[in-house]
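Undergrad: Quick one: structure below, then a few questions.
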Amino acid sequence: MIKIAVYGKGGIGKSTTVSNLAAAFAEKGFTVMQIGCDPKADSTVSLLHGESMTTVLELVRSRKNDFTLEDMVKVGYQGVLCVEAGGPSPGMGCAGRGIIAALDKLKEKGAYDIYQPDVVIYDVLGDVVCGGFSMPMRGGYADKVLIITSGENMAIHAAANIAMAVENFKDRGYATLGGLILNRRNVKREEEKVQELAEDVHSTVIGSLNHSELVLDAEEMHKTVLEAFSDSEMAEEYRFLASQVAEICGLEW
Amino acid sequence: MRQVARRISTYTADVSGVCSALYELGGMVVMHDPSGCNSTYNTHDEPRWYAMDSLIFISGLAEIDAIMGNDDKLIDDVVTAAKQLSPQFVALARTPIPMLNGTDFDAIASVIERKAGIPVFYFPTNGTHSYVYGVGMALEKIADYYTGDGCEEQSDCDADGIRVNLLGVTPLDFSVTGTVESMKELLKEEGFALVSCMAMGSSLEEISQAGWADVNLVVSSVGLPAARLLQKKFGTPYVVGTPVGRFVNQIATDLRTAADTGKSIISCNARPDSVDSKIALIGESVLSGSMAAAISQVHGKAVKVICPLEAEEGLFVPGDVRASEEEELEKILKDMSVIIADPMYRPICPEDAAFYELPHEAFSGRIYRRKIPDFVKILQ
């Protein structure tokens, strides 16, 4: 089982990339679980054709412990096991603590033992703003952290902060930094700036994605690119990226 | 009003349970809390506080450190203290604030262990469970960590008679009024050899020999997790019951049978059903069940055990009740004619019922300590 936590600035395309990666792994025959770690609970929407799902925290709130593992999981495109941690209403409660509670509950209900996924991907909210959002990289959860960034300054700044958080946790047995994924926004010196960042954080750019209108078109259709435009170059880019992720995680592609 | 104790006390919480279980073992126990858990423990839950030294610490978690996630302060303080004081181990007990914060104690424990070079145990207490949970997991951890595959020096473990560990011994159930010494003396008189007592009066070295016992005696439900662990690790059977008064004969017989057959025995439910009984005994499951058995032997009456603490179904007989809420308890007690309980239960007992005081350190602390009996010597 490989376990990956994907971080990056809000709006950088984490959920889109993660969902397409999940679909690519699933196409290849792997059992994949995608866990959205964001109170907005929209990580898996394109795998579920726009259908909303009951979040783990909503189940805990409404039913305490009186629910099953199956209640927390919805099967999406290509059999991807979709989970949304959920969280409080905007401006209320504590979203970070919510992530901890949701992931604890998922583990307690035996999600990893019962489904035995080959690939687990945690799609984590924007930035590591508090301890709760580092939960997916804690011991027992993800093994590798991947950071998605473009060449935009704010995205690079956020990526550097995340890399710093991973570095700060190195003596705690947390996940290690697997690398950066460049999601191109076609800004000036984009490759160069992301490469500089990679060197600054002692990491590498493990893959890149071109900017494509097909990504937005697929999103409008509430589908992944791999489903909506299976034969497109963009779909191939996601498949290739999945193979690169597999390689750095030691999964035979 | 549910889940509120308006007129009665509440039981010692899990954090103090961890401290109590580890008090005599030479470790350093750190409650990660602003301060409060410490005074509750040393003022109300720990009768050995002024008579015996132990390394019990509060971290002094400050608001700003909680907000800023400054775990390094805890780590540095513990490592510094551990290097100065050279404890056998460090135990970290969680309290409500780090529980709400989601502090990653597993990671903190591994960092401290690496820096201090001694074992570090983390106990996920949160102040909402009773001492039964806290003591239970602390003794289980100690039994697991310090017992190997058996002692290398066979001669150390050789002893005349059946070898026994006493499991689940803390002042929270037995206070410091003679019961613990009497239990040990009794085992000796009955021809048993005591390997270790978890955890009063035994060193870690003695506890490390626990795997050599032929049978374990679980005298409080807090000892059950350790008993199960030792059974899994060494195949040692266990007997669940407290040697109370005349009931000691049953305990002695069951210990011999369990050692002989290798099968565990729940002794504290060897007593009449209590469905129609109007005699109530409130308290911890194993001690209360054993006392109910002793009363039944001496007076020929069935006793209804009312257990307000965490307990397993198998420890009870039909008619016993598990209830923890004040309203629920009051409702049950109104039909009773005789009640044996800690004096702090009196406000919810019917006035026309005969009330016999049986103080419990984990419920009323030191207030009635001088009235806590030596359980071995009563009900003869």
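Undergrad: Expressed as a fraction of 2.2 N^0.38 Å, the rule-of-thumb size for a compact globular protein of N residues, what is the C-alpha radius of gyration of the stretch B:14-129?
TA: Rounded to two decimals, the normalised Rg is 0.98.
Undergrad: For the stretch B:96-104, what does the Karplus curve 6.51 cos²θ - 1.76 cosθ + 1.60, with θ = phi - 60°, yield as ³J(HN,Hα) per residue in whole Hz, taken in order and with x for Gly and Pro?
TA: After applying 6.51 cos²θ - 1.76 cosθ + 1.60, I find x, 5, x, 5, 5, 6, x, 4, 8 Hz.
Undergrad: Looking at chain A, do any whole DSSP H helices span at least 18 angstrom along their long axis by alpha carbon and average -1.0 or above on Kyte-Doolittle, and which?
TA: Details: long enough: A:14-27 (19 Å, 0.29); A:95-108 (19 Å, 0.14); A:153-168 (22 Å, 0.66); A:233-249 (24 Å, 0.06).
Once both thresholds are applied, what remains is A:14-27, A:95-108, A:153-168, A:233-249.
Undergrad: Add +1 for every Lys or Arg and -1 for every Asp or Glu among the other residues with Cβ under 12 Å from the Cβ of A:K144, and state the total.
TA: Cβ neighbours under 12 Å give a net charge of -1.
Undergrad: Oh, and also: For B:S220, what is the net charge nearby, where nearby means another residue's Cβ is under 10 Å from its Cβ and Lys, Arg count +1, Asp, Glu -1?
TA: -2
Undergrad: While we're on this one: Between the chain alone and the structure with every protein chain in place, find the residues of the stretch B:102-117 that drop at least 30 Å² of accessible area; heavy atoms, 1.4 Å probe.
TA: B:G102, B:D104, B:A107, B:V111, B:R114
Undergrad: A follow-up question, please. Starting from the amide H of A:R185, placed 1.01 Å from N in the peptide plane, find each other amide H under 5 Å away whose residue is 5 or more places distant or on another chain.
TA: Correct list: A:G151.
Undergrad: Can you give the log10 of the normalised intensity I(q)/I(0) at q = 0.14, 0.15, 0.18 Å⁻¹, computed with Debye over equal Cα scatterers of the stretch B:279-371?
TA: For the stretch B:279-371 at q = 0.14, 0.15, 0.18 Å⁻¹, log10 I(q)/I(0) is -0.46, -0.53, -0.78.
Undergrad: Send over the Kirkwood Rh of the stretch B:209-366, from the inverse of the averaged 1/r over different Cα pairs, rounded to one decimal Å.
TA: 16.1 Å
Undergrad: Above 39 Å lies some portion of the pair distances; for chain B, what is it as a whole percent of all C-alpha pairs?
TA: It works out to 17 percent of all Cα pairs.
Undergrad: What size of dipole, in debye to the nearest 20, comes out for the protein assembly as shown about its Cα centre when the only charges are +1 on Lys and Arg C-beta atoms and -1 on Asp and Glu C-beta atoms?
TA: 1400 debye
Undergrad: Dipole magnitude of the stretch B:1-97 about its Cα centre, charges +1 at Lys/Arg Cβ and -1 at Asp/Glu Cβ only, in debye to the nearest 20?
TA: In total the dipole reaches around 480 debye.
Undergrad: Another question, then. Would you mind pulling out the separation of the Cα centroids of the stretch A:107-147 and the stretch B:222-296, in Å?
TA: Each part's Cα centre sits 44 Å from the other's.
Undergrad: Counting only protein heavy atoms and using a 1.4 Å probe, what share of the accessible area of the stretch B:154-266 belongs to carbon plus sulfur, as a whole percent?
TA: 47 percent
Undergrad: With the Cα gyration tensor of the protein assembly as shown in hand, convert its eigenvalues to equivalent ellipsoid semi-axes via √(5λ) and list them largest first in whole Å. Show your work: numbers first, answer last.
TA: Numbers: eigenvalues 609, 138, 104 Å².
Working through the eigenvalues yields semi-axes of 55, 26, 23 Å.
Undergrad: While we're looking at this one, here's another question. In chain A, if every C-alpha pair distance is counted and binned at 5 Å from zero, what percent goes to each bin?
TA: Going out from 0 Å in 5 Å bins, chain A shows 1, 7, 15, 19, 21, 18, 12, 6, 2, 0, 0 percent.
Undergrad: Among the residues of the stretch A:88-119, which ones have their accessible area go down by 50 Å² or more when all the protein chains sit together, as opposed to their chain alone (1.4 Å probe)?
TA: By number: A:R97.
Undergrad: Among A:L241, A:F229, A:H202, whose Cα sits farthest toward the positive end of the charge dipole of the stretch A:202-249 (+1 at Cβ of Lys/Arg, -1 at Cβ of Asp/Glu, about the Cα centre)?
TA: It is A:H202.
Undergrad: Could you compute Rg(Cα) / (2.2 N^0.38 Å) for the stretch B:154-266, with N its residue count?
TA: This ratio for the stretch B:154-266 stands at 0.95.
Undergrad: Each residue of the stretch B:227-234 in turn: what ³J(HN,Hα) in whole Hz from Karplus with 6.51, -1.76, 1.60 and θ = phi - 60°, glycine and Pro shown as x?
TA: 4, 5, 4, 5, 5, 5, 6, 10
Undergrad: Compute the FRET efficiency between B:E351 and A:E70 as 1/(1 + (r/R0)^6), taking r as their Cβ-Cβ distance and R0 = 56 Å, and round to the nearest 0.05. The partial results should precede the final answer.
TA: Numbers: r = 53 Å, r/R0 = 0.96.
With a Förster radius of 56 Å, E is 0.55.
Undergrad: Still on this structure: With every protein chain kept in place and ligands, DNA and RNA left out, what is the accessible area per residue of chain A? Probe 1.4 Å, answer in Å².
TA: Result: 43 Å² per residue.
Undergrad: Another question, then. Which is the longest stretch in chain B that no exposed loop site breaks, taking sites as GluC sites (Glu not before Pro) with a DSSP loop state and at most 10 other Cβ atoms within 10 Å?
TA: The reported range is B:154-350.
Undergrad: Report the Cα-based extents of the stretch B:305-358 along its three principal axes, largest first, to the nearest Å.
TA: 32, 20, 18
Undergrad: Mind checking which of A:F30, A:F67, A:F240 has the largest fluctuation in a GNM of chain A, springs on alpha carbons under 10 Å?
TA: Comparing A:F30, A:F67, A:F240 in a Gaussian network model of chain A, the most mobile one is A:F67.
Undergrad: Can you compute the radius of gyration and Dmax for the stretch B:286-332, using only the Cα atoms, both in Å?
TA: For the stretch B:286-332, the Cα radius of gyration and maximum Cα-Cα distance read 11.2, 32 Å.
Undergrad: With just the Cα atoms defining each centre, how far is the stretch B:78-152 from the stretch B:30-53? Give it in Å.
TA: 16 Å
Undergrad: Oh, and also: Counting only other residues whose beta carbon sits under 14 Å from that of B:S54, what net charge do I get with K and R as +1, D and E as -1?
TA: Neighbourhood net charge equals -3.
Undergrad: Taking amide H positions as placed 1.01 Å from N in the peptide plane, with prolines and chain starts having none, which residues 5 or more places from A:V205, or on another chain, fall under 5 Å of its amide H?
TA: Distant-sequence amide H within range of A:V205: A:L180.
Undergrad: Determine the per residue accessible area of the stretch B:154-266 with all protein chains present and a 1.4 angstrom probe, expressed in square angstrom.
TA: 35 Å²
Undergrad: Something else about it: Roughly how many debye, to the nearest 20, is the charge dipole of the stretch A:119-253 about its Cα centre, given +1 on each Lys and Arg Cβ, -1 on each Asp and Glu Cβ, and no other charges?
TA: That gives the stretch A:119-253 a dipole magnitude of about 520 debye.
Undergrad: For chain B, with a Gaussian network of springs between Cα atoms less than 10 Å apart, report the residue from B:A91, B:A226, B:A107 with the top mean-square fluctuation.
TA: B:A107
Undergrad: Considering the convex hull of the alpha carbon atoms of the stretch B:249-309, report its projected area averaged over all viewing directions, in nm², one decimal.
TA: Over all viewing directions, the stretch B:249-309 projects a mean Cα-hull area of 4.4 nm².
Undergrad: Another question, if that's okay. I need the phi-derived Karplus couplings for the stretch B:352-365: 6.51 cos²θ - 1.76 cosθ + 1.60, θ = phi - 60°, integer Hz, Gly and Pro marked x.
TA: After applying 6.51 cos²θ - 1.76 cosθ + 1.60, I find 8, 7, 6, 10, 10, 6, 9, x, 10, 3, 6, 10, 10, x Hz.
Undergrad: A follow-up question, please. Near the amide H of A:L177, under 5 Å away, which other amide H atoms are found, from residues 5 or more places off or on another chain, if H is placed in the peptide plane?
TA: The list, which skips near neighbours in sequence, is A:V145.
Undergrad: What pairs from B:K115/B:K141; A:K14/B:K115; B:K184/B:K278; A:K40/A:K107; A:K105/B:K141 go past 26 Å between their alpha carbons?
TA: Too far apart for the 26 Å limit: A:K14/B:K115; B:K184/B:K278.
Undergrad: How about B:K334: which aspartates and glutamates have a C-alpha closer than 16 Å to its C-alpha, ignoring those fewer than 8 places off in the same chain?
TA: Qualifying aspartates and glutamates at Cα under 16 Å: B:D276, B:D320, B:E325, B:E326, B:E351, B:D352.
Undergrad: Could you state how much accessible area is buried at the B-A interface, both sides summed, with a 1.4 Å probe, in Å² to the nearest 100?
TA: It comes to approximately 700 Å² buried between B and A.
The values are calculated or read from the model by the stated rules, or taken from the named source; none is laboratory data. In this text the structure is predicted, and so the values were computed from the model without any measurement. FYI the Cβ positions are ideal-geometry reconstructions off the backbone, even for glycines, and counts take in every protein chain you see. Accessible surface is based on the protein model in full, side chains and every heavy atom, while ligands, DNA and RNA are left aside. Shrake-Rupley method; radii C 1.70, N 1.55, O 1.52, S 1.80 Å.
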